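**Student:** Got a structure for you, written out below as structure tokens; questions coming shortly.
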């Protein structure tokens, strides 16, 4: 059983800086972390490894510094890691990202299951997982809260929906996206952290994975951010004088003047 887990680097701060020309996030010089939802994907892959003696491969797309986070994943037990890094990949939307990851997975080739976090905290689209499955022409199950059964050629999952859950079966290979309810991610030991610094992350360019650069990065992104801004908040306060009854009446009048519906 070979498992590929997709890992994204996201800003580890709310103070995100944007490139005003491309309207994309400036990732250089910003402290980055593993996308929190991907930590659950890593843990689930490692639990499969513990049970089936599986091979777990980490895959990411990003700047060269992303290799640090892939080594962090390897300190947890991920066996090998690949980083897709090329200027041609910069500024990718969900579709271009899915295409690039699919070419990386085709390069790796040997897999039974792909696990992704349900979404990334810097985009919140939840589109990459399903789009990636589409590019690979394999079935997928989203919002998985439990893998109930896994064996050669078969997986059964509990999938969260708005008012309950579904039990979904699928053939393998397949892709699943997982939610935070699925597990509690483990922490690395100091020994494993130290050893991970010496582990190798394989860097792959567009040429290495035979990617069509008209389908990657900004070139391959049919959707682009046209404007970004930091919300402005105008916080004011007003003290209402009088006894409780008078205060209540004044408050109701104030709310009504603002166009709000209030029952007296």
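**Student:** Note the listed values [x] -0.36, -0.65, -0.94; [y] -0.33, -0.57, -0.83; [z] -0.30, -0.64, -1.10, then indicate which one is log10 I(q)/I(0) by the Debye sum over Cα atoms at q = 0.07, 0.10, 0.13 Å⁻¹ calculated from this particular structure.
**Tutor:** Of the listed options [x] -0.36, -0.65, -0.94; [y] -0.33, -0.57, -0.83; [z] -0.30, -0.64, -1.10, [y] comes from this structure.
**Student:** Further question on the same structure: Taking 8 Å as the Cα distance limit and 6 or more residues as the minimum spacing, I'd like the relative contact order of segment 83-237 as a percentage. Don't skip to the answer; put the middle values down first.
**Tutor:** Details: 239 pairs, mean separation 53.1, N = 155.
Value for segment 83-237: 34 percent.
**Student:** Separate question: As I understand it, the value is the acute angle between the Cα axis of helix 244-257 and the longest principal axis of the Cα atoms of the chain; what does it come to in degrees, rounded to 10?
**Tutor:** With rounding to tens, the tilt is 70 degrees.
**Student:** Okay, moving on. Rounded to the nearest 500, what is the chain's calculated 222 nm mean residue ellipticity when only DSSP H runs of at least 4 contribute -39500 (n - 2.57) each, over all residues?
**Tutor:** Working: 6 runs with 73 residues, N = 264.
Rounded to the nearest 500, the figure is -8500 deg cm²/dmol.
**Student:** I'd like the orientation of helix 36-52 relative to the chain: the angle between its Cα long axis and the longest Cα principal axis, in ° from 0 to 90, rounded to 10.
**Tutor:** Approximately 40 degrees, to the nearest 10.
**Student:** Starting with the fewest neighbours, write out 214, 100 ranked by other beta-carbon atoms found within 10 Å of each beta-carbon.
**Tutor:** Values: 214 10, 100 28.
Least to most surrounded, the residues fall as 214, 100.
**Student:** Place a point 7 Å from Cα of residue 194 in the direction of its Cβ. Which residues in segment 58-72 have their backbone N less than 19 Å from it?
**Tutor:** Those under the cut-off are 71-72.
**Student:** Quick one: compute the contact order of segment 62-132, relative version, from alpha carbon pairs under 8 angstrom and 6+ residues apart, as a percent.
**Tutor:** RCO, segment 62-132: 29 percent.
**Student:** Turning to a different aspect of this structure: Just the number, please: percent antiparallel of the DSSP beta bridges in segment 2-220, rounded to the nearest 5. Write down the numbers at each step before the final one.
**Tutor:** Details: 19 of 44 bridges.
The answer is about 45 percent antiparallel.
**Student:** Continuing with the same structure: Mind checking the angle between helix 94-108 and the chain's longest principal axis? C-alpha axes, 0 to 90 degrees, to the nearest 10.
**Tutor:** With rounding to tens, the tilt is 20 degrees.
**Student:** Here's another thing I want to ask about it. Just want the ordering: 249, 152, from fewest to most Cβ atoms lying within 10 Å of their own Cβ.
**Tutor:** Values: 249 13, 152 8.
If I rank by nearby Cβ atoms, fewest first, I get 152, 249.
**Student:** Hey, what did the chain get for relative contact order, percent, Cα under 8 Å, at least 6 apart? Please list the in-between numbers first.
**Tutor:** Working: 497 pairs, mean separation 60.4, N = 264.
So the answer I get is 23 percent.
**Student:** Please give the FRET efficiency for residue 53 paired with residue 225, using the beta carbon to beta carbon distance and R0 = 51 Å, rounded to the nearest 0.05. All intermediate terms of the calculation are to be shown ahead of the outcome.
**Tutor:** Numbers: r = 44 Å, r/R0 = 0.86.
For residue 53 and residue 225, the calculated efficiency is 0.70.
Since every read-out is calculated from the coordinates, none of them should be taken as a lab result. Small disclaimer: the values here were computed from a predicted structure and weren't measured. Neighbour counts run over all protein chains shown; Cβ positions are idealised from the backbone, glycine included.
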